[in-house]
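The values are calculated or read from the model by the stated rules, or taken from the named source; none is laboratory data. No experiment lies behind these values; they were computed from the predicted model shown. As a convention, Cβ positions derive from the backbone with ideal geometry for all residues, glycine included, and neighbour counts pool all protein chains shown. Accessible surface is based on the protein model in full, side chains and every heavy atom, while ligands, DNA and RNA are left aside. Shrake-Rupley method; radii C 1.70, N 1.55, O 1.52, S 1.80 Å.
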Amino acid sequence: MRRRSGTICLSLAFITIFLHLLLALITLSIPHLPCDTALQPKIHLRDLARTNNTSVGVRGLEEPPPDPLQRDPSYQDVGREAKINVQRLPYKRFRSKEGKNPQNNNTESAANRTERWASDLSKLRALFDHPLYNMPKPVVPEDDWLLKVKPKVKPSQRSTQMWSDGYDDAQWNSSSSSQPPWLRFHLGITRWELYPHRDPNMELLTQQLATHRIVSAVQKSGGTQLKLVMTFPNYGQALFKPKKQERDEETNYNLYYFSDFERHNAEIAAFHLDRILGYRRIPLAVGRLVDVVKEIKDVTTDRKLAKTFFNSPVGNVCFYGQCSYYCSTEHAVCGNPQYLEASMAVMLPDLSLAKRRSWRSPWRRSYSRSKLARWETDPDYCATVKKTPPYDKGTRLVDFIDLVILDFLMSNMDRHHYETFEKFGNNTFLLHLDNGRAFGRHSKDEPSILAPLQQCCRIRRSTWLRLRLLSLPQYHISDVMRASLAQDPLHKVAPLLSEPHLAALSRRLKTVLETVGRCQEQHKDNGGAEDVIYDDLVDLK
């Protein structure tokens, strides 16, 4: 027994030694990898658009990762009635195939980014708190409101027409608390602006455009590219423009301006820039991830649009609609696989309620590959414009110069017309609509856009002062624009404007101020340097 026990122990010892040697050999044969932090799983676009909406409000939304940016200070004091602010919209951080956030920059740490965003936000708050953005205004006269609330209708006079399923029961009255955000927006339009500087309704309207259920989608007629009209349960409507190219993709230099694609992020960025300039003449535009199947294909009543849906070779859901030029299978817009980025701009009041007049731009381009417009060859062209109604009196010329400055800053060459509300005649602001071809190139400026300013040498004092303000380090235009855009829901996917585009804003702002300075120098000899600045602040002094 002793001999047998010794044999067994010796055998077990040999087996143990053999197993240890085998394990060591296997370990040495495996290549060693660096001990990096494991990549987080890829988040599908389907997760980005997942939401739980109701007809009354937005509930059950997933809380996104912490963000140093808070909501717009314009609404901070007066927007407490909102149930949820813009930063809590249901958008997760998008991660690329490499598992890294596309906003990350290898040369910039997370702490530095947080510090920069906080600095940008403080600049935006300081800008909107500046006296130039909070000048006292007289009470708006009765006739200066675009729309009025009708007197209460008797029950016997109410329409018996029934709306289709999917809409809320409307129980609105003259009290603003009962009105949906889109109606408050319409009722707040005046002769001089689309919305006031500090408007609590803008936050509520942003939430509606970005999250509310879509009950109808039809194609908007006219134009060269695809646009849809989206309808919400509370009868609000938005103009939908889909993503057609990446944010950092520049327009081809060999492509004419009238052949360029419209960009969804340009519509959103144009709204933010218009507000930063203190104009408030562009309707609110918000980014949104749209389910191409559930929120367009399944709810559309547009038969022509419905016939254009198809699946791409890689399984993405695509459609192209019907329009003049860019509506074909070669120019289709596709989801990934069915979720699509888009801009949602609130619709203006229906033309039956508030007619608009379209004006041909005096500095309209020829839209020809071989011909030049008169203003491109005649240096004294502005003298003729100043003698032509409505530019011969009032503020129409400086109103147009405001629009020119906006277009130059965002490099928009496609301004062939502009509109005004017919009710206010010639004495009103210009609507800055249709900005999809802006922000196409950041590496090149287009000086011809500034021709009206260069030839007429006329600018509003309030505009000139705000431009100078935005050139100062404490209100830097690139920084406040970055902070403003960071509050849009699509910023959670990727920044709406790349850093080169933001840098181009600063460069172009400097060009505008230098152009005004040259105008003042040119008119100094004739004692008319002050004629360059139209003093629209004289009544407020």
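A few notes on this one:
- Take TYR320: with every protein chain present and a 1.4 Å probe, its accessible area is about 50 Å².
- Compactness of the range 336-477 as Cα Rg over 2.2 N^0.38 Å, two decimals: 1.19
- Theoretical gain in end-to-end length, ARG213 to ARG518 [0.36 nm per residue, Cα-Cα removed]: 104.6 nm
- Globularity ratio of the range 246-397, using Cα Rg and 2.2 N^0.38 Å: 1.36
- Summarised in one figure, the compactness ratio Rg/Rh of the range 393-541, Cα atoms and Kirkwood Rh, is 0.98.
- Furthest towards positive pole of dipole, ALA266, TYR235, ALA210, structure part the range 191-268, Cβ charges: TYR235
- With all protein chains in place and ligands, DNA and RNA left out, the 1.4 Å accessible area ranks GLU295, GLU422 as GLU422, GLU295, largest first.
- Residue separation of ALA126 and GLU142 scaled by 0.36 nm, minus their Cα-Cα distance, works out to 2.5 nm of gained length.
- Rounded Å value of the spacing that divides the Cα centres of the range 184-258 and the range 301-352: 15
- List THR308, THR114, ordered by accessible area with a 1.4 Å probe, largest first: THR114, THR308
- Sum of side-chain charges, LYS423 neighbourhood, beta-carbon under 15 Å (Lys, Arg +1; Asp, Glu -1): -2
- Residue order by solvent-accessible surface for TRP192, TRP375 is TRP192, TRP375, largest first, with ligands and nucleic acids left out and a 1.4 Å probe.
- In Å², nearest 10: area of ASP143 left accessible to a 1.4 Å probe: 100
- Computed E for ARG369/SER119 - FRET, C-beta separation, R0 35 angstrom, nearest 0.05: 0.15
- Set against the 2.2 N^0.38 Å expectation for a compact globular protein, the range 299-345 has a Cα radius of gyration ratio of 1.15.
- Size of charge dipole - the range 180-280 - debye, nearest 20, with Cβ of Lys, Arg +1 and Asp, Glu -1, no other charges: 420
- Per-residue surface analysis assigns LYS244 an accessible area of about 50 Å², computed on protein heavy atoms at 1.4 Å probe radius.
- ARG365 sits among other residues whose Cβ lies under 15 Å from its own Cβ, and their net charge, with Lys and Arg +1 and Asp and Glu -1, is 0.
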